[in-house]
1. Distances longer than 17 Å among the Cα atoms of region 1-66: what percent of all pairs is that?
2. Which whole-number percent gives the relative contact order of the chain, counting Cα pairs below 8 Å spaced six or more residues apart?
3. Using unit Cβ charges (K, R positive; D, E negative) and no other charged atoms, how large, in debye to the nearest 20, is the dipole of the chain about its Cα centre?
4. Against the longest principal axis of the chain, how steep is helix 107-132, in degrees 0 to 90 to the nearest 10, with axes from Cα atoms?
5. Tell me, rounded to the nearest percent, the portion of alpha carbon pairs in the chain spaced more than 27 Å apart.
6. Report the one residue of F121, N23, Y136 whose Cα lies farthest in the direction of the positive end of the charge dipole of the chain (charges on C-beta: Lys and Arg +1, Asp and Glu -1; origin at the Cα centre).
7. Taking Cα pairs under 8 Å and at least six residues apart, what relative contact order does region 46-104 come out at, in percent?
8. Inverting the mean 1/r over all pairs of different Cα atoms, compute the Kirkwood radius of region 28-110 and quote it in Å.
Amino acid sequence: RGLADLLKEQGYRTVFFQSSTQNFENFGALADNLGYEEYYPLETMDTEGFERSNYFGYEDDIMLQPSRRWLEGRGDEPFVAKYLTGTGHHDYLSPTRYGIKEFSKDDRLNRYLNCLRYQDFFVRNLIEQYKELGLYEDTIFVIYGDHGEGFGEHGRYVHENNPYEE
């Protein structure tokens, strides 16, 4: 049982948003297994005006409008909302919405670092949304990453079979 399932029993509404396709690593089934009542993958979102960030998704700001609609329509019940970002995953197509910086001469590493920079903007935008909706003061934000990426630091790349900190 997941946190969403446990909180649902305490009267919380639960929602899961993701900027990638529902088929990516079968996250639709995962959201259901963890107890989320509502699930909004990329297929439920309007992609117009947003850039692809990899082969399975779009830039994470695509979740902001669906999030706003859900938050505005939820009533006064407590809630848990999960936002699964996908921009930091291969093939690292850095969204240009907030510009691109040169962090590295290595093109692939530079694109990855720009994707992570972009995710900082998404987190800022999401927190601003909660402030605008008057939810910020009564919300606990838990931000975590499930993995980093290797770029040859120890002769290994990406995150599969990479036992190092990267």
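The values are calculated or read from the model by the stated rules, or taken from the named source; none is laboratory data. On a predicted model such as this, the values are computed, not experimentally measured, just so you know. FYI the Cβ positions are ideal-geometry reconstructions off the backbone, even for glycines, and counts take in every protein chain you see. Surface accessibility is based on the protein's heavy atoms, side chains included, excluding ligands, DNA and RNA. Shrake-Rupley method; radii C 1.70, N 1.55, O 1.52, S 1.80 Å.
1. 43 percent
2. 19 percent
3. Charge dipole, the chain, about its Cα centre: 180 debye, nearest 20.
4. Orientation of helix 107-132: about 20 degrees from the principal axis.
5. Pairs farther apart than 27 Å: 29 percent.
6. The residue sitting most towards the positive pole is F121.
7. It comes to 44 percent, rounded to a whole number.
8. 14.8 Å
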